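Below you'll find the structure, written out as structure tokens, and then a few comments.
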Number of protein chains: 4
Amino acid sequence: MSAFVWPARVYWEDTDGGAVVYYANYLRYLERARTEWLRARGHSQQQLARDPGILFTVVSLSVNYRAPARLDDQLQVSCRPRLRGAASLDFVQQIHRVGGAPPPGGSAQLLLDAQVRVACVDATSLRPQRLPAFLLEAVDG
Amino acid sequence: MSAFVWPARVYWEDTDGGAVVYYANYLRYLERARTEWLRARGHSQQQLARDPGILFTVVSLSVNYRAPARLDDQLQVSCRPRLRGAASLDFVQQIHRVGGAPPPGGSAQLLLDAQVRVACVDATSLRPQRLPAFLLEAVDG
Amino acid sequence: MSAFVWPARVYWEDTDGGAVVYYANYLRYLERARTEWLRARGHSQQQLARDPGILFTVVSLSVNYRAPARLDDQLQVSCRPRLRGAASLDFVQQIHRVGGAPPPGGSAQLLLDAQVRVACVDATSLRPQRLPAFLLEAVDG
Amino acid sequence: MSAFVWPARVYWEDTDGGAVVYYANYLRYLERARTEWLRARGHSQQQLARDPGILFTVVSLSVNYRAPARLDDQLQVSCRPRLRGAASLDFVQQIHRVGGAPPPGGSAQLLLDAQVRVACVDATSLRPQRLPAFLLEAVDG
């Protein structure tokens, strides 16, 4: 399955006193891409929390920071999900810079890659829950 | 001058334990709209910091919170600048909800209005600086 | 009533690419002080949400930014509440720098003052709710 | 070497709409502990950026999320550094809950463990730089 890609722009809110994006804030970009991947399949998390009553929760992650993003940079955040059992997904994610200041040397530059494991849980009890059918069918094992 | 409008989506990162957007995080949406208004005039803040060596800094603000935004809401953030002397701008800003969950009853709902005073300062000394000509010409007095 | 004061330290997470605290993040410091003022009266917001089932929500605010806070600065955040009717409080708040880098010239420097109006609402319906007795008694009208 | 421990309190700013701490925000707690570990050795990052002109930058990390932190929780964030070559440090970090709501069953509960690799870089060029002597001496290989 090819990767889902979602754009993000770097604003002041994302940067820190080193004039680069604060290390925790890249995780926000990663989540936006996962959320939009789900929305592109026709599902919002608000709806899923009501019916069938599930939430997604991050169980573990690893991140390699390769180059910093800076104010005004235009980013592409990718997300490639894979089934891991019947109750969780492994997302392979990357962030590339495709524009901004300083201007890119042509092709996109890889800034970060990450693996994020997400579990499906009951929205009330927070206990592990089988992934809904639309995800089991849509995602490679 | 009609208002400049920029979209924003509410993600998990924006919400707090009350299941609404955290009160400080609306200020991030407001700034994105001001930044994009400037970019729509052909200027990024990274470039302006290098040449002519200016930054914009918020001097004061007031906000009225009218209704909360929630996860997945689609927002419209508006921004209407006005000159205040030769070294600062007053922005009248609003945030409307135009979609999301729960579904809107048709027209956009006003969630927040704000006034934000922004001063132009020297990027090194942080002392007040005359607004660049392109802004003095573009904005109503 | 004398002001309640709560310390805060500036970390990387608080700063932005201008090497100062991001304008929205001062609102986090203000809220910590209000929360700790309440806790000093023996009440956590988690408990109040369960019994008697109330939340506090910011209705409006105004902020004057007088001087920037920087990485490593040691801040004092003050909070002086006043009753406004039976269902809301007006907090007068200030942030002073008392130390950090560059070293202070002796006395504390005022960085910011703010007024924050907070309404008491029902935790479920979010409708206005009379302030609990312990607050009506503890706060000046 | 025994672990350095730094307290953190969970505020509204840290939580998300799931009523738990947002997954990226635990990384802020982790950084505060690393910063305070350095400060306990007599060094602020502002000073080190000026003399000898170094910054610390996160190169990679991995996190296991074991249980969520909630509003009002009192946390203990630990940090155990180890040399990795002459230009980087590996921090083993943990977050425990020691109080808050719901009340803990006695001993501290492990919420999260992490490994964070931090490189020492030149403050201007961002190129790798040998760790300062006070760190090479203070930290186990």
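When only Cα pairs under 8 Å and 6 or more residues apart are kept, what is the percent relative contact order across chain C? Numbers along the way, then the final one.
Working: 269 pairs, mean separation 38.9, N = 141.
After rounding, I find 28 percent.
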Checklist entry - Using the Karplus equation 6.51 cos²θ - 1.76 cosθ + 1.60 (θ = phi - 60°), what ³J(HN,Hα) coupling, rounded to whole Hz, does each residue of the stretch C:74-90 give in order, writing x for Gly and Pro? => result 9, 10, 10, 10, 9, 7, 10, x, 8, 5, 9, x, 9, 10, 8, 10, 9
Item to check | 5 angstrom amide H check on residue C:71, placed H, neighbours 5+ away | outcome: none
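What number comes out for the charge environment of residue D:14, summing +1 per Lys or Arg and -1 per Asp or Glu over other residues with Cβ under 12 Å away? Numbers along the way, then the final one.
Numbers: positive: C:28, C:32, D:9, D:28, D:32, D:70; negative: B:13, B:16, C:13, C:31, D:13, D:16, D:72, D:73.
Spelling it out: positives minus negatives among the neighbours equals -2.
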Checklist outcome for this item: Taking r as the C-beta separation of residue D:51 and residue D:115 and R0 as 35 Å, the FRET efficiency to the nearest 0.05 is 0.75
Next on the checklist: Amide H of residue B:84 versus every other amide H placed in the peptide plane: which residues, excluding those fewer than 5 positions away on the same chain, fall under 5 Å?
Outcome noted: B:89, B:90
Item to check | 7 Å along Cα→Cβ, label-point gaps from residue A:62 to other copies, nm, shortest first | outcome: 0.4, 5.4, 5.4
Checklist entry - Which residues' amide hydrogens lie under 5 Å from the amide hydrogen of residue B:123, considering only partners 5 or more residues apart or on another chain, with H built in the peptide plane? => result B:54, B:55
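Need one number: buried accessible surface between chains A and D, 1.4 Å probe, both sides summed, DNA, RNA and ligands left out, in Å² to 100.
Numbers: alone 7880 and 7880 Å², together 14180 Å².
Its buried surface, counting both partners, is about 1600 Å².
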Checklist entry - If we hang a label 7 Å off Cα along the beta carbon direction at residue C:2, how far is it from the matching labels on the other copies, in nm, shortest first? => result 3.6, 5.8, 6.8
Next on the checklist: From the phi angles alone, apply the Karplus equation (6.51, -1.76, 1.60; θ = phi - 60°) to the stretch D:113-129 and give each ³J(HN,Hα) in whole Hz, x where the residue is Gly or Pro.
Outcome noted: 10, 8, 10, 10, 9, 10, 9, 8, 10, 5, 5, 9, 7, 6, 7, x, 9
Next on the checklist: Need one value: the accessible area of residue B:90 in square angstrom, 1.4 angstrom probe, rounded to the nearest 10.
Outcome noted: 30 Å²
Next on the checklist: If I model a spin label at residue A:134 and residue B:43 as a point 7 Å from the Cα along the Cα→Cβ vector, what separation in nanometres do I get?
Outcome noted: 4.5 nm
Checklist entry - Which shape class applies to chain A: rounded if a/c is under 1.5, otherwise prolate when a/b exceeds b/c and oblate if not, where a ≥ b ≥ c are the square roots of the Cα gyration tensor eigenvalues? => result prolate
Checklist entry - How large is ³J(HN,Hα) for each residue in the stretch B:50-56, as worked out from phi by the Karplus curve 6.51 cos²θ - 1.76 cosθ + 1.60 (θ = phi - 60°), to whole Hz, x for Gly and Pro? => result 7, 8, x, x, 10, 10, 10
Checklist outcome for this item: Once the mean of 1/r over all distinct C-alpha pairs in the protein assembly as shown is inverted, the Kirkwood radius in Å reads 24.7 Å
Checklist entry - Using Cα atoms only, what is the angle between the long axis of helix D:26-40 and the major principal axis of chain D, expressed in degrees (0 to 90) to the nearest 10? => result 50 degrees
Checklist entry - Sorted from shortest, what are the nm distances separating the label point of residue A:47 from equivalent points in the other copies, each placed 7 Å from Cα along Cα to C-beta? => result 4.1, 4.2, 5.7
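The values are calculated or read from the model by the stated rules, or taken from the named source; none is laboratory data. Note that the structure is a prediction, hence the values are computed from the model and not measured. Cβ atoms come from the backbone with ideal geometry, glycine included; neighbour counts cover every protein chain shown. Quick note on the areas: whole protein, heavy atoms, side chains included, nothing else; ligands and nucleic acids left out. Shrake-Rupley method; radii C 1.70, N 1.55, O 1.52, S 1.80 Å.
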